[in-house]
């Protein structure tokens, strides 16, 4: 007999309501969900997405950094930008990369890897495209501390740059 552990989700209606009200506004700001280890933060976010963000008005970017090792800038680029193999016939002609629904050309991906293009400039441009389509982008980064002590070009702290990007 195989047993799977299902996360308990009890009496979190106030937190769900707060998240819904916050995301329903026109936030151009960052919201941190923090608490002790194993206190249900990720489960709360999953339940929130399931209950409130499944409609056509939101475009969710959910990165779970617990599932990947990110030790340097190159790992960050590889984790956030993946080759999209869904159109295998087109791969040879035009390769596109996918940042959880962001489509990027091979040239842009190479520029990111070579550090000649700022990843946050690319993300901002792609988020604007989503907004122009009438959807509200929502970025969720689980285990954000995994980006600590990673630098861009040996000088710019990636986590600080991410905060600057996410803050107005």
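The values are calculated or read from the model by the stated rules, or taken from the named source; none is laboratory data. Source: prediction; values computed, not measured. Please note: Cβ atoms are built from the backbone with ideal geometry, for glycine as well, and neighbour counts cover all protein chains shown.
Residues in region 42-61 that are in contact (Cβ under 8 Å) with a residue 40 or more places away in the chain and surrounded by 15 or more Cβ atoms within 10 Å (Cβ to Cβ): 42, 45, 49, 53, 58, 59, 60, 61. Out of 147, 158, one residue alone is at pLDDT 85 or above and under 13 Å from the mean Cα position of the chain (by Cα). It is 147.
Checking each residue in region 119-168 for being surrounded by 15 or more Cβ atoms within 10 Å (Cβ to Cβ), free of Cβ contacts under 8 Å to residues at least 40 places away in the same chain and over 18 Å from residue 74 (Cα atoms) picks out 126, 127.
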